[in-house]
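*Asks:* To start, I am sharing the structure in question, which I have written as structure tokens.
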Amino acid sequence: PDFLLPDALSDNEDHADDPRDVGGIEGEFAEKNFIDVEEDLYTNVLLTMLSPADNDMTRALAILLILLVACLQGVLALAIRTHVQKAMGWDSDSVRYQTMRDLYIRLRNGGKLEYIRLELGDVSKICGDFQPDLTDKRLPGTKWSAYYDYSKVPVNNWHAWEIPPTDRSDLDNTRFVLENTEYNYVFTIVCFAWILSIFYEIRKIFNTTLAVSQMKLTRHSEERTLRVTNDDFGDPEYQIVAFTPGARRIGLACSFYRMFIHLAIGVIGCDLIIWTPTNIELILNGLALTFILSLNSIMYKAVINRPRQNLVSKLKKFEFSDPSGVSRWFMNTTKIVMVILVVGITSMITLGLRRFQHSRYIDMFTLVASVCFFQGPTPAHWAHFRSTFPVPGLCETVLQLRCEAPVVGEDGVPCVEKWEQKLCKFYVHTDSLFSTWSSVDWGHQGACLAYSDGKGPFLVEELEPPSNSETLRFMTRACQSMWQRQPTVLFRGKEHHAAGPRL
């Protein structure tokens, strides 16, 4: 029935309008623009300044609510910034960076390589966990009667994306961010959406500023600031037609504050996204950032009384005009330019942030890999050698090495792992060496053989680095360059060949 429909939708010919051209209507909107009245604390403070029923107490309270939200947003933004700088980032303020940089500088020792021991707990967090295993059987392709190898836990490979995020070391995280395709896509989408949301907020604030600045001024009187009309259903609607000087000043101040806080949160949010190393954390951090932006609306819904919220919901859109007139005279051009401009700038910023992230994580990988290659803990009976060693198990798993079994003690544990065994101490007292097996082909094979995806054995020098991972290829070459087929060590003042550590 007609009484349930708006007049414009009924079949009554008295209300039928002539068909109109879409371009003509759009041209009218180009001359007179509209912006939705937001249901938030900013609209509440404008109505408070306009309403003669509000006293100084209610006006002060409305302003204090805005300041409270500003403090909450500022505290949360500063907390995120501090956390990123101290715990996530990789710059001069980061605790992790300062620690690693200090280790690296001490290692270099002004050009003279110096051995600095890295504690086992730090090894696990920085480089990963490696577990040795002794196999008491012959290795095909050799004369060895036993051999040992290492496995990388919890996943016995160097595919960082297969390791659960909570179990990844710093080395795994850097490789994941640099090389995982899925992470690259998620980062691009989250970063693009975040920058678009900031563009949307800034555009909304800019249009509101134009509407407030163009609104005519009047004295403080409700009849002169609000116009009451009826919608198609007969319900009242309210149009703000004028501002008092105080309302305009408050409106402009709120616009400038909102512009500043949104830009600040936008920059801090980009920093947080850059240093987020997992896919799910990227999505959750993006949602957390939008929560900070929505605190204003949450506070409005929670504390403003129902009559005021009903009035705000019935307010018509603000009107404003484009002072330049570009939208009117170049309608089609502005449509194209607006899309290209916003999407283009957003894409450029996203690409720039990804390149910056890649550069910083390359620096992080270089520093972490240097520490893992040169500052690994070594067996106590080699500590007096002025030498540096990779983390035990690092190069063994990168090259997939299987090596001749080391001397074991009475507990069946290699001496390099448990030096307290009596048999291990006996070897030192009797001036014994630790690699004296006649079954090792020192001239041809050396004490270790390499494998590649289960294929082998290969000579360590001839192992081809993987082609699908730049970081793993770099690590493979570094381990190959540190490999010693016939190592020579100084033990008790004497040189011993084909003995000592191989890496």
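*Asks:* Cβ neighbours within 10 Å, averaged per peptide: list 122-128, 332-338 in order, most packed at the top.
*Replies:* Most protected by this proxy first, the peptides run 122-128, 332-338.
*Asks:* What net charge is computed for the residues neighbouring Cys254, neighbours being all others with C-beta under 12 Å from the C-beta of Cys254, Lys and Arg scored +1, Asp and Glu -1? Write out the running numbers ahead of the final one.
*Replies:* Details: positive: Arg248, Arg249, Arg258; negative: Glu38, Asp40.
With Lys, Arg at +1 and Asp, Glu at -1, the net is +1.
*Asks:* Which value in nm describes the separation of the simple spin-label points at Glu237 and Asp54, placed 7 Å from the Cα toward the beta carbon?
*Replies:* Modelled inter-label distance: 2.3 nm.
*Asks:* Would you calculate the separation in nanometres between label points at Ala79 and Asp136, each defined as 7 Å from the Cα along the Cα-to-beta-carbon direction?
*Replies:* Here the modelled spin labels are 5.7 nm apart.
*Asks:* Cβ neighbours within 10 Å, averaged per peptide: list 293-302, 34-43 in order, most packed at the top.
*Replies:* Per-residue Cβ counts within 10 Å, averaged per peptide and sorted highest first, yield 34-43, 293-302.
*Asks:* Also: Residue separation times 0.36 nm, minus the C-alpha to C-alpha distance between Met259 and Lys455: what's the value?
*Replies:* Values: separation 196, 0.36 × 196 = 70.56 nm, distance 6.08 nm.
Length difference between fully extended and current span is 64.5 nm.
*Asks:* By how many nm would the segment from Phe34 to Phe291 lengthen if fully extended, with 0.36 nm per residue of separation less the alpha-carbon distance?
*Replies:* Net length gain for the segment: 89.9 nm.
*Asks:* Can you work out the FRET efficiency for the pair Ser467 and Arg249, with r the C-beta to C-beta distance and R0 = 56 Å, to the nearest 0.05? It would help to have the intermediate numbers written out before the result.
*Replies:* Numbers: r = 65 Å, r/R0 = 1.17.
My answer for the efficiency is 0.30.
*Asks:* Once both labels are modelled 7 Å past Cα along the beta-carbon direction, what's the Ile105-Leu67 spacing in nm?
*Replies:* Going by the 7 Å Cα→Cβ label model, 4.4 nm.
*Asks:* Determine, from the Cβ-Cβ distance of Ser213 and Ile362 and an R0 of 41 Å, the FRET efficiency 1/(1 + (r/R0)^6), rounded to the nearest 0.05.
*Replies:* Step by step, r from the Cβ atoms, then E = 0.30.
Throughout, read-outs are computed from the coordinates displayed, never taken from laboratory work. None of the values given here were measured: they were computed from a predicted structure. With ideal geometry, Cβ positions are generated from the backbone for all residues, glycine too; neighbour counts draw on all protein chains shown.
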